[in-house]
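Colleague: So that we are looking at the same thing, I have put the structure below in structure tokens.
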Amino acid sequence: MKRPVPLPAWRNSSSTPCPGNKAHPSLFSIAMLSRNQIRQTALQYLYAASQTPETEQEGIWDILMEPFRGDYCKLKAKAVSGHLTRDYPDKLRLFITRARETADKLQQDPLTLPVRDQLQDLLTKEGEFNAALLRLKKALHEDPANDKGSLSAACDAAQELNTALMQMRRRLLDTLKDFPAYNAIWPSLISSCRKLQEINDRINCLIHPDDRPSLTEIKKVVEAGRDADELYREAKTLGEDILRRRDGLDAAIDSTLENYSPERVSAIDRAILRLGAYELLHRKDLPAPIVISEAIRLSERFSSAESPRFVNGVLAGISKTQRPA
């Protein structure tokens with residue numbers, strides 16, 4: 001689909017940029033999502049939907065969420081390629097040494113072929129994972145905004161290999177139990193495996209967080225991912241509910257216009273008015289003055305100099321004559 005028309009530029013430099021622009025507000029600079037962020041994202045959806053044919057609207061949300069998901073991907077990439085794997089090279093070198101020493105000791109016993117094969121497969125996979133971490137660092141440097149998708153692809157590849165390594169090590173440790181005659185030589189190999197497994201466990205916590213205490217870096221990334229998901233759910237629910245009620249909202253708006261034809265209302269003002277009218281008519285828990293005030297702020301940021309007064313007049317009229325008691 002075509003990219004939806006972006007929201008009009010912010011009218012003053014002190015305003016927070018909209019999420020569709022490059023300088024979008026960082027989703028992860030605050031502890032919790034604000035109602036304002038959700039409303040701004042829903043507003044951008046309403047505006048984009050009004051400028052995009054219905055047959056091409058399916059991918060609007062993916063496009064709107066790109067900047068936030070890009071931030072999340074960047075945080076995750078930094079954690080995986082940085083702090084979480086800072087000791088991986090040293091532990092990998094130790095494991096390679098011990099794996100080769102173990103394989104040499106087993107060489108004369110054909111019954112140990114399953115162990116040797118698994119060790120070789122594991123060494124190969126470790127090499128792939130190490131290369132994936134290097135590619136991730138390179139993508140983080142060359143594509144920090146994830147514009148080309150190379151950062152996201154590198155992150156996904158590292159996570160996939162991470163999961164594969166965890167499974168392969170578990171199988172190896174289970175296989176070792178079938179060879180009790182060699183229990184004397186297993187401890188150093190097992191110790192090295194477990195040290196590498198600790199690194200993979202940390203990365204796995206980014207993908208499958210649980211209730212165990214986590215490193216600060218993991219906690220921040222996990223919370224960022226949850227915030228991105230929550231923003232998507234909340235803004236999508238709000239924006240699509242407004243569109244479903246569009247005809248009724250437009251009727252309320254148009255009936256309040258005085259000496260002003262509905263066709264003259266700009267697309268961005270129409271989107272702001274739909275959002276405000278929806279909150280006035282279908283959100284009794286929101287005080288009318290707050291709804292109107294927030295709509296005025298949106299018009300100050302996104303629309304023309306005349307828009308705040310216009311939006312105030314229309315929504316005040318709806319509140320006075322049509323809001324349910």
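Colleague: Residues that are surrounded by 18 or more Cβ atoms within 10 Å (Cβ to Cβ), more than 30 Å from Leu161 (Cβ to Cβ), touching a residue at least 24 places away in the same chain (Cβ under 8 Å) and in contact with a helix residue (DSSP H, G or I) (Cβ under 9 Å, 6 or more places away or on another chain): does the stretch 209-230 have at least one?
Modeller: The answer is no; no qualifying residue exists.
Colleague: A further question on this structure: Restricted to the stretch 47-85, and to residues that are among the aromatic types (Phe, Trp, Tyr) and under 19 Å from the mean Cα position of the chain (by Cα), which residue is nearest to Ala131 (Cα to Cα)?
Modeller: It comes out as Tyr72.
Colleague: If I ask for residues that are more than 30 Å from Ile203 (Cβ to Cβ), assigned to a helix (DSSP H, G or I) and touching a helix residue (DSSP H, G or I) at 6+ places or on another chain (Cβ under 8 Å), which ones from the stretch 46-103 would you list?
Modeller: The answer is Leu46, Tyr47, Ala48, Ala49, Ser50, Gln51, Ile60.
Colleague: How about the stretch 249-266: which of its residues are hydrophobic (A, V, I, L, M, F, W, C) and buried (at least 16 other Cβ atoms within 10 Å of the Cβ)?
Modeller: Of everything in the stretch 249-266, those that are hydrophobic (A, V, I, L, M, F, W, C) and buried (at least 16 other Cβ atoms within 10 Å of the Cβ) turn out to be Leu249, Ala252, Ile253, Leu257, Val265.
Colleague: Which is within 30 Å of Lys125 (Cβ to Cβ), basic (Lys, Arg) and at pLDDT below 90, of Arg3, Arg69, Arg35, Arg11?
Modeller: Arg69
Colleague: While we're on this one: Which residue is most open to solvent (accessible area, probe 1.4 Å), if the candidates are limited to the stretch 104-146 and must be assigned to a helix (DSSP H, G or I) and of a type in the set (S, T, N, Q)?
Modeller: Per the criteria, the residue is Gln120.
Colleague: While we're here: Can we say Arg169 is under 19 Å from Leu119 (Cβ atoms), buried (at least 20 other Cβ atoms within 10 Å of the Cβ) and of a type in the set (D, E, K, R)?
Modeller: It is true that Arg169 is under 19 Å from Leu119 (Cβ atoms), buried (at least 20 other Cβ atoms within 10 Å of the Cβ) and of a type in the set (D, E, K, R).
The values are calculated or read from the model by the stated rules, or taken from the named source; none is laboratory data. What you see is a predicted model; the values in this text were computed from it and never measured. Positions of Cβ are generated from backbone atoms using ideal geometry, with glycine treated the same way; all protein chains shown enter the neighbour counts. All accessible areas refer to the heavy atoms of the entire protein, side chains included, with ligands and DNA or RNA removed. Shrake-Rupley method; radii C 1.70, N 1.55, O 1.52, S 1.80 Å.
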